[in-house]
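Written below as structure tokens is the structure these notes are about.
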Amino acid sequence: MSGSGVGEEIGVQGARSRAAAVLRVRGRAMAVALLPAAAAVVLLAGGATGRLTGGSWDAARWVVTGVAVAALLCAAAVAFVITRARPALSPTVEIAERSAPDLYRLVRDLAERLDVPAPSAIALTPDCDSWLEDRTHPAHAPVDTPTDLSGTGTGTRHTPGSANGVAVRGGRHHVPAAPVLVIGSPFLWWMRVAELRAVLAPVVAGTGPASHPDIAAARRFVRGLDAAVALSGRPDLGLIRRAALVVVGRIARLMLRACGEHAALMERGVASAASERAQGVDYGLRIVAQEQVGLAYAGWDRLLTRVALPAWRMGRWPSRLDVGVVSALTELSRRDRLADGFTSRLGERPACDLLEEPGAVDEAASLLAARLFHGGPAASGPDWSPVDWQQYPEEVVDRKWRTEAARLHRVLDDMGVRPSARPGGSAADPSAARVLGPTLARVMDHLAGRGEEAGDALAAGISAEVAREEAAAVPAVHAPAPAADTAGDALALRGTDPLPLLPLMPPRTGRELLADHVTAMVCCAAVDTAGAAPGLDWLDGPVLLMGGVRRTDLAGGVLSLVEDGDVEPLRTWLASTGVRPEKPVRLV
């Protein structure tokens, strides 16, 4: 046996032994539950045979029998909850075989090379990760006929509402009866086909150990315990059900603590065995592909936080995030001298070519990303609509600036700060003065030389205004909704459960919000009075373009004004660029 074979066998044996330890915890729990019943049987049998008679034995029989009945009822309730509680499913975009026959063929061939069972289906996640997900828990019934990657099954089931074979999963759903291969959607657009195969090799190899009965049973048991604990903490249940589930939750937590270490070591053994089995498949290419994984993660993070998040906050969701990550990483490769060689990869076949309709899949993944990372609704609406990259500068960047500038002036109005007046009038007597519209000069005059007090008051007002607007605009994510029209009915948002919200960034401080709003006001003045234009940088998000060139020297003047009340650096910048702070700007 080769070295890799020995390593794989050691990993599998370790995982099996740990799985057996997990199942022993389940067996001990059952034994504890049955112990009072066994004692009751002995006492009842002794009374029936006339050996254990008398007043004390009769009392003991009644007490032990009552305890046994209570223990059995409690055990039955715990077993029922563990069996029926739904373990969390990763929200994914499901890909039917008719939507990606080449991708299914790649995974099938990979499984054959590894000599392991093929995953039952393929799904995408809007993140830079890949894994196998077991969806065989009884609570996820009814079970659909899965897509058979081995080529011997009944084929792909047509899901209503997903004419092109793409469906979003996130709650109670029909699920396949075997592990599903979940692939990070950015990988498909950034990686080349050979790189994707190399990255997926150790993941697909995990179906081998996962098919062992003890490992599968141990995983179902642990996931059931997790689900029972989560169910016991739900605040939306009635008082009686919540009280009963608290007891169940405590018992489930005890069992989780007892088997937690064994479960972790079992998963470590499974991962080790899968890695060893995959050693012989594209090993050299996998080293290069792992570099692309790290690069994709960095670009994806920048794209979400710098580009997608401003749009989400405005009720718009970029509908081609995966295409955007390619542009972001290409730009990163251009800027970083260490990444110069990466652009040569773009001549090779991208993995997204394995999809029949990459645009529809990208849109589905983009909408799911908005729901996961921002909490957006499940479908488009008046206040939640898709935006193409070509429209992003005008419909997101410009609108963002003008919305924040309008908010800044509303707060100034609430604080009693007088609007700017045309020179020659009396600002103290508005009936003589000709009041202008919203101007940058009004903001600068209020903050200039007033110390931290003026900035703190304005920052607090903006923070309160933002908090009120965000509270009033909390999207409803519970109800299912039809797919976006632009996807051509290629996806269906199914399920009634809210998705877990994974915030991208910590809440912004008042000073950060103030700096953002002052910057927005400067940008509005530059667009309206100096011929500037809103732009999009793939790595940094909204930018100001003057003469077609991005201006990167604005932040210093804004920070001096916001932090120190020093207006001169900003005045110098405005004079050098021809921006007229005294001119009114257009707001939304």
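The values are calculated or read from the model by the stated rules, or taken from the named source; none is laboratory data. Quick caveat, the model's predicted, so the values are computed rather than measured. Neighbour counts are summed over all protein chains in view; Cβ atoms, including those assigned to glycine, are modelled from backbone coordinates with ideal geometry. To get the accessible areas, we keep the full protein, side chains included, count just its heavy atoms, and leave off ligands, DNA and RNA. Shrake-Rupley method; radii C 1.70, N 1.55, O 1.52, S 1.80 Å.
Rounded to the nearest whole Hz, the Karplus-based 3J(HN,Hα) values (6.51 cos²θ - 1.76 cosθ + 1.60, θ = phi - 60°) of the stretch 47-58 follow the sequence x, 5, 8, x, 8, 10, 10, x, x, 5, 5, 4, with x at glycine and proline.
Computed 3J(HN,Hα) for the stretch 283-295, one whole-Hz value per residue from the Karplus formula 6.51 cos²θ - 1.76 cosθ + 1.60 where θ = phi - 60°, is 5, x, 5, 5, 5, 5, 5, 5, 5, 5, 4, x, 5, glycine and proline marked x. Kindly state, to the nearest 0.05, the FRET efficiency for Lys583 paired with Arg234, given R0 = 51 Å and r defined as their beta-carbon distance. The computed FRET efficiency comes out at 0.35. As a rough guide to protection, the peptides 273-284, 541-552, 87-98 ranked by mean Cβ packing within 10 Å, highest first, stand as 87-98, 273-284, 541-552. Extension gain for Thr572 to Thr552 (0.36 nm times residue separation, less C-alpha to C-alpha distance): 5.7 nm. Once the Cα-Cα distance is subtracted from the 0.36 nm per residue extended length, the Arg268 to Arg253 segment shows a gain of 3.2 nm. Rounded, prolate or oblate: which one fits the stretch 222-261, using the alpha carbon gyration tensor with axes a ≥ b ≥ c (rounded when a/c is under 1.5, else prolate when a/b beats b/c, else oblate)? The shape class here is prolate.
Annotation: Phe373 carries an accessible surface of approximately 30 Å², with a 1.4 Å probe and no ligand, DNA or RNA atoms counted.
Look at the dipole of the stretch 272-403 built from charges on Cβ: of Ala289, Trp317, Val397, the Cα furthest out on the positive end belongs to Val397. For Val543, list long-range residues whose amide hydrogen, built 1.01 Å from N in the peptide plane, is under 5 Å from its own amide hydrogen. Result for Val543 returns Gly535, Leu536, Asp537.
Of Lys583, Lys400, the residue with the largest accessible area leads and the full order is Lys583, Lys400 (1.4 Å probe). Does the stretch 523-567 come out rounded, prolate or oblate, given a ≥ b ≥ c as the square roots of the eigenvalues of its C-alpha gyration tensor, rounded meaning a/c under 1.5 and, failing that, prolate meaning a/b above b/c? Verdict is oblate for the stretch 523-567.
From the Cα gyration tensor of the stretch 17-87, with a ≥ b ≥ c the square roots of its eigenvalues, which class applies: rounded if a/c is under 1.5, or else prolate if a/b is larger than b/c, or else oblate? Taking the square roots of the gyration eigenvalues as a ≥ b ≥ c, the stretch 17-87 is prolate.
On a per residue basis, the stretch 543-587 carries 53 Å² of accessible surface, using protein heavy atoms and a 1.4 Å probe. Provide the net charge surrounding Leu304, with neighbours chosen by a C-beta distance below 12 Å and charges set as Lys +1, Arg +1, Asp -1, Glu -1. Once all neighbours under 12 Å are counted, the net charge is -1. Once the Cα-Cα distance is subtracted from the 0.36 nm per residue extended length, the Ser56 to Val288 segment shows a gain of 75.8 nm. With the simple spin-label model, which puts each label point 7 Å out from Cα in the Cβ direction, the Val69 to Glu394 separation comes to 7.7 nm. Using only side-chain charges placed at the Cβ, +1 for Lys and Arg and -1 for Asp and Glu, the dipole size of the stretch 240-288 relative to its Cα centre rounds to 480 debye.
Under the simplified labelling scheme, the Ile10-Asp445 pair shows an inter-label distance of 7.8 nm, with each label point 7 Å from Cα along Cα→Cβ. With R₀ set to 56 Å, the beta-carbon distance separating Glu512 from Arg98 gives a calculated FRET efficiency near 0.70. Ranking Leu110, Leu559 by solvent-accessible area of protein heavy atoms (1.4 Å probe, all protein chains present), from largest to smallest, gives Leu559, Leu110.
Each Lys and Arg contributes +1 and each Asp and Glu -1, all at the Cβ; summed about the Cα centre of the stretch 1-104, the dipole is approximately 480 debye.
Take the Cβ atoms of Ala77 and Ala472, set R0 to 35 Å, and the FRET efficiency comes out at 0.25.
Under the simplified labelling scheme, the Thr49-Leu34 pair shows an inter-label distance of 2.0 nm, with each label point 7 Å from Cα along Cα→Cβ.
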